[in-house]
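Okay, so here's the structure we're looking at.
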Amino acid sequence: MSDPKKKLSPAEIAAANLTGWEQRDETIVATFRTGDFAAGLEFTNRIGAAAEDADHHPDILLSYPQVQVTLWSHDVGGLTSRDVRMARKISQLAAEAGIETV
C-alpha cells in the first residue's frame, strides 16, 4: 500500500481497518457527530490544515450537527494509500477533539 498512485482494491481498503469509514464505490466516507455548528467548523478547519500539509484534499460537507468527509484520489479515479493515510489523520483529529463517527 505504499505506491501513492496505485489504485487500491476493495480488499486492500477493508484490510486497512479504517474504523468509522465506509467504502462507497470509489470513495470512502465518514460522518462525524460534532454536536454543533461551531465545533463542526473548527473540525473542518483542522481537516483543511491537515489536507494542505498532505497536499491531498477531501470533499467536506459541514452541517448542523455533523461533518461528512469523502476521500478519493481524483487523479487515479479511485482510492489510494493517500486516502488511507488521510482517513487515519482525520480520525486522529476527531479523536483528539472528542468527536465520534455517526
**Request:** Please verify whether region 28-40 includes one or more residues that are buried (at least 17 other Cβ atoms within 10 Å of the Cβ), outside any loop (DSSP other than H, G, I, E, B) and in contact with a Gly (Cβ under 7 Å, 6 or more places away or on another chain).
**Result:** yes
**Prompt:** When you look at LEU62, is it under 17 Å from ALA38 (Cα atoms), part of a helix (DSSP H, G or I) and at pLDDT 95 or above, yes or no?
**Reply:** no
**Prompt:** Within the set of pairs 6 or more residues apart or between chains, which connect a residue that is without any contact (Cβ under 8 Å) to a residue 12 or more places away in the chain inside region 52-76 to a residue that is open to solvent by 40 Å² or more (accessible area, probe 1.4 Å) with Cβ atoms less than 7 Å apart?
**Reply:** LEU61/GLN68
**Message:** Looking for something in a loop (DSSP other than H, G, I, E, B), surrounded by 12 or more Cβ atoms within 10 Å (Cβ to Cβ), basic (Lys, Arg) and in contact (Cβ under 8 Å) with a residue 12 or more places away in the chain - is there at least one such residue anywhere in region 5-16?
**Reply:** yes
**ASP25 being open to solvent by 40 Å² or more (accessible area, probe 1.4 Å), of a type in the set (D, E, K, R) and on the phi < 0 side of the Ramachandran plot** = no
**Message:** Could you tell me how many of the residues in region 45-69 are out of contact with any Phe, Trp or Tyr (no Cβ under 9 Å at 6 or more places or on another chain), crowded, with 16+ Cβ neighbours inside 10 Å and within 20 Å of LYS5 (Cβ to Cβ)?
**Reply:** 2
**Prompt:** Within region 88-97, restricting attention to residues that are under 12 Å from the mean Cα position of the chain (by Cα) and in contact (Cβ under 8 Å) with a residue 40 or more places away in the chain, which residue is most open to solvent (accessible area, probe 1.4 Å)?
**Reply:** ARG88
**Request:** Take region 65-82 and flag every residue that is assigned to a helix (DSSP H, G or I) and charged (D, E, K, R).
**Result:** ARG82
**Message:** Go through (1) at pLDDT 95 or above; (2) open to solvent by 30 Å² or more (accessible area, probe 1.4 Å) for HIS74 and report which single condition fails.
**Reply:** (1)
**Item:** Odd one out for ARG85, checked against (1) surrounded by fewer than 18 Cβ atoms within 10 Å (Cβ to Cβ); (2) in a loop (DSSP other than H, G, I, E, B); (3) at pLDDT 95 or above
**Value:** (2)
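The values are calculated or read from the model by the stated rules, or taken from the named source; none is laboratory data. Because the structure is predicted, anything quoted here is derived from the model rather than measured. Cβ: placed from backbone, ideal geometry, glycine included. Neighbour counts: every protein chain shown. Just the protein is used for accessible areas: all its heavy atoms, side chains included, with ligands, DNA and RNA removed. Shrake-Rupley method; radii C 1.70, N 1.55, O 1.52, S 1.80 Å.
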